[in-house]
Amino acid sequence: MRPSSRWTPYLLVGPAVLFFAFVVGLPLLGTIWMSFTKWSGTNRMRFIGIDNFTRAIHDTVYQRAYLNTFLYIAATLVLEVAVGFALAGLVSIQGKRTLWYRITFFIPVMLLMVVIAVLWSFIYSDDGGLINSFLTGIGRSDLRRVWLGDPGTALLAVSVVSGWIYAGFYMAIFYAALQRVPKSLLEAARLDGASEWDLFFKIKAPLVRGMTEVAALLCITGAFQSFDLFYVMTKGGPDHATEIITTYLVSTVFVDHEVGYGAALSVIMTVVVVGLGLFYARFRREGDVDVEY
Amino acid sequence: MRSARSFTRVTGVVAVAIAGLALTACGTSSDTSNDSTSSGPFTIRVAMGSTGEAVDGVFTKLKAAYEAKYPGRTVEIVIQENDTYETIGLNNLLTSRNAPDVYFERPGTRLATKVDDGYAADITDAVNGPGFTGRFDPAAYSGMQIDGKTYMVPWSGDVTNVFWFNKAIFTANGLTPPATWDEFLAVCSKLKAAGITPLVDGNKDKWPIGSIASHLAERSLGNDAYVAAIKGEQPMNSAGMVAAFDNLQTLADNGYINKSVNALPDDQATTQFLLGKAAMIGIGSWLVSDQITQAPTLQIGYFNMPTLPGSGDQKSVLGVSTGFVVNANSEHISAGTDFLALMSAPEATKLFAEAGLTPMTVDPFAGVKADPNTVSLATLLSSAPTKVTPADNIDVKRADEFYGAAAAVIGGLKSPQEALDAAQKRVEALPKS
Amino acid sequence: MSTDVTTESRVPPTGRGRRSARATASSVLFYAVMTAISLVYLIPLLWMVLSSFKSQSQIFDSPWSLPTSFDLSILGEAWRRGGLGTYVLNSILVTTISVVGILLFGSMAAFALSRLKFRLRGFFLVFLALGLLLPVQAYFVAQSTLLDRLRINDTRWALIVPYIGLGLSLAVYLLKAYLDSLPKELFECARMDGCGDVRMYFALVFPLIKPGLATVAVFSILGAWNEFLLATLYIQSDEYKTIPVGLLAFTGKYSTDYPMLFAALSIVTIPMVAIYVIFHRQVINGITEGTLR
């Protein structure tokens, strides 16, 4: 639609763009500037060209952070989206009253992340922790682990907490989508002898495929931006086993006092993320299947 | 159309320029360090990391005393969570608009950085003046003076690590504090056999075991070689260093230390020790402060690092002093030094000593009902033939790798050689600053 | 799990016909599974609350035990000692103002970007998309410096401005999608009636997108309420701190007083859960309506 006057669109977009420019845009540019300097945050800035970037390429911890981030994304796709989908399937089975279950599974989404992180740190702890004492109580002490202290289990342990929080969220989204599946379709199938299992996999699931894509997108972008849980539970340890990109950025700036280097790491990450976004946009344009019903 | 493109380009250039200017302007600290001692009421800010409830409470009393003594002045005490303060907190405060006038810092490299960055005021005249007469031995200022100028007032002397033990557990098992490392291992073995956790430590933030590793390194290599290794003048993975770390591996392999060591925060380890869940803990002199609050009736003792084979001084003590600095950018420098004088006065010293701190003033425990452990540790520190500085007070970045290696070894993840090789590799990749 | 209903002749779906033993068994199985899952959600929270009433050593030695007495005063004590009143007030203020800003500016921009053709429209869309992908760690140091230059550091505005800026991306994305899905005749009719852009926004658009606004509101409230990194960095004075910061500092200070710690966590959590349970319909509908378009 043509705007009613030349400047009204800018008036409408203006505030949003201004805020955004100040909060994201200018800082991004400033970060690019800083990435070519050496700065501790308090001393004088020194221009050092691309040294930060060459250092970043050889930084094994930085590489590990990318690996961990992608592992985490994969884990949460399963633990949040897939589990959420399964839960949605369960709570939408015909004839079962599931309201209170739906309410319960969604509760963690409403909790403060800080509370969850502290709580689960205790649950996972080796002494006085719920999990380990439970295992001992049922006679399976051999399964005890120092969940957050063992590099082999730490990342998984944090991912499980993520799943605990967000599976209910994806359940809610999928459930709402499932509710839109025409009941007549389900009835007809049921009368033809389809089991709940068949109904789920052959009818409901394909129809909510569009929603799956949205969910996956939300999950992936959310995982990239994850920070609070990791910072409070493990701070990236033990021995960088749970170091993700965001925690490494923060520790480079605040523990190592290397703002310039941290900025370079941020710039690289920005390029990667934008690249992935572009790749996704291009990929989507080709196989655009919108399921509307 | 053309205009949209060039509009974007121009905006882009302007934006980068603005951003760049805005940021370069902040590297330089403001150069107006005026000192308005008169002119109306004002507030001074005193910032530090938390040292436990007891000691934090003393500052509340000092605030009241200061405000009573100097009407028109108020004090704002800013106490942050300790690890936050030492990493994000202090630098954040200093570069913000509400920068502190007085703040806690450690002498040596950290102080030097603050001086270089322009955050430490030259207070030589103040400390030689009436407020501080006779309060400090000149040796207390070591590490706090640069080029003959004083930048810091001493506060507490901490022993960074000794091995504390639960007297009841030891007596019940017929044990006495060990003098050599082999005796120490024997004690651990006996405790383990009795089903008691010999040693507990909470190494989530890496400095507890890192401090122990620092001490082990000095005992093995000698103080000079140890410091050189941390400063990067010598490699960190030398045979002597590996030998030092072997001792950590012994503890890990034999199960003498809690398996959760790398996941446990240090204060939770303290709690476990004070609850009697473990026989020993390796931590510093501030344990007394926690013990007074949490477990006042618990009988604890300590022993210094047992003797080890190596070329270091086997009677050395791992310790740091701490102090307070006046911000060079403060507008109330003399008001700040007045507060520091109050903190160093006999009344304040008495309060700090009773709270479990070891003040660095002359004869800190005179007329004070201080905990015997505190007094004993103070003597240990002051009479130590060699004072060893923990690595993170020598070089933060290299210490980070060093502590990381120690954590890997104590967690049974890497062998000493592997861990130190990895650390050395990363240290070599650090830019020469 | 299958439901075999074909042995009889067609049983009406909600009929009260004779249910086969198999159906009952699978029903029992279903509810058993659901209950088990519910326990996974409820046990951690219950444990957190119950631990407030235990003694320090009891928490350690027997995590699965129940408290011997219920002295509610510890909750009040935690509130008082943690200065939680101030933090709650700040969180409420900051979150409310931020969300209002996000809704207002976001909807204005979404309308212009969705329905009005103007130059730079594509540019702004891409610009705002960046905010969706990037974690705040990519630019937060520069942002911190900028806010300090603007002299709003260590005030509530130091949080409100970033929160609005950060929340706008998702807001515009969701609202634009919502507006896109509406028939364009709606707007063109209003235009032919002589409605200018700005008037159209207030009179037509704003009322129309209420479901979308609800979604954005829920997401934004959750985001701002939980935000912890910027809140730690930008606020030094105790009087402006928000709940996550205050709570984390509390856990640091009282990390050796477990009952007190859990009491603080509980006292913040219980009201939030209560509010959610009471308003669950609005909350969940809020989230799903907007995402489903």
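No value in this document is a laboratory result; all are computed from the given coordinates. Nothing here was measured: the structure is a model prediction, and the numbers come from that model. Cβ sites come from the backbone with ideal geometry, for glycine too, and all protein chains shown count toward neighbours.
Listing for the model above:
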| read-out | value |
| --- | --- |
| Dipole axis of the protein assembly as shown (+1 Lys, Arg; -1 Asp, Glu on Cβ), positive-most option in B:Thr133, C:Ala109, C:Leu66 | C:Ala109 |
| Highest-MSF residue in chain B out of B:Gly276, B:Gly312, B:Gly129 [GNM, Cα springs under 10 Å] | B:Gly129 |
| Reach of B:Lys190 by Cα under 25 Å, taken over lysines that are not fewer than 8 positions away in the same chain | B:Lys167, B:Lys259, B:Lys277 |
| Cross-link reach list, aspartates and glutamates versus B:Lys387, counting only Cα pairs under 16 Å and skipping chain neighbours closer than eight places | B:Asp158, B:Glu218, B:Asp224, B:Asp313 |
| Nearest 10 degrees, 0 to 90: helix B:416-429 Cα axis against chain B principal axis | 20 |
| Region B:225-369, relative contact order [Cα under 8 Å, separation at least 6], % | 14 |
| Whole-number percent relative contact order across chain C, with pairs defined as alpha carbons under 8 Å at least 6 apart | 30 |
| Hits among lysines - C-alpha to C-alpha of A:Lys183 under 29 Å, sequence gap 8 or more where chains match | A:Lys96, A:Lys202, A:Lys204, C:Lys210 |
| Efficiency of FRET between C:Lys117 and C:Thr96 - r from beta-carbon atoms, R0 30 angstrom, step 0.05 | 0.30 |
| Separation between Cα centres of region A:149-196 and region C:251-282, rounded to whole Å | 27 |
| For B:Thr307, residues with placed amide H under 5 Å, excluding near neighbours | B:Thr180, B:Trp181 |
| Binned Cα-Cα distance frequencies in region A:219-263 - 5 Å width, integer % | 6, 24, 27, 23, 16, 4, 0 |
| Integer Hz, Karplus 6.51/-1.76/1.60 couplings in order for region A:99-110, x for Gly and Pro | 4, 5, 5, 4, 4, 4, 5, 8, 3, x, 4, 8 |
| GNM top mover of A:Val272, A:Val17, A:Val160 - chain A, alpha-carbon springs below 10 Å | A:Val17 |
| ³J(HN,Hα), Karplus 6.51/-1.76/1.60, whole Hz, each residue of region C:211-224, x for Gly, Pro | x, x, 4, 4, 4, 4, 4, 4, 4, 5, 4, 4, x, 5 |
| For chain B, alpha-carbon Rg and Dmax in angstrom | 24.0, 91 |
| Selected from C:Gly82, C:Gly194, C:Gly131 as most flexible by GNM, with chain C as the system and alpha-carbon contacts under 10 Å | C:Gly194 |
| Volume in Å³ per residue [convex hull over Cα atoms, computed for region C:23-62] | 68 |
| Centroid-to-centroid separation of region B:76-139 and region A:1-51 [C-alpha atoms, Å] | 35 |
| Charge-dipole axis of the protein assembly as shown as Lys and Arg at +1 and Asp and Glu at -1 on Cβ define it, positive-most pick from A:Phe134, B:Ser382, B:Asn91 | A:Phe134 |
| For A:Lys38, residues with placed amide H under 5 Å, excluding near neighbours | A:Arg46, A:Phe47, A:Ile48 |
| Inter-part distance where region B:285-314 and region C:114-188 are each reduced to a Cα centre, Å | 55 |
| Over chain A: helical MRE at 222 nm, DSSP H runs n ≥ 4 each giving -39500 (n - 2.57), nearest 500 | -19000 deg cm²/dmol |
| Chain B - percent relative contact order, Cα under 8 Å, separation 6 or more | 26 |
| Selection of trypsin sites (Lys or Arg not before Pro), region A:25-120, meeting DSSP coil and at most 12 other Cβ within 10 Å | A:Arg97 |
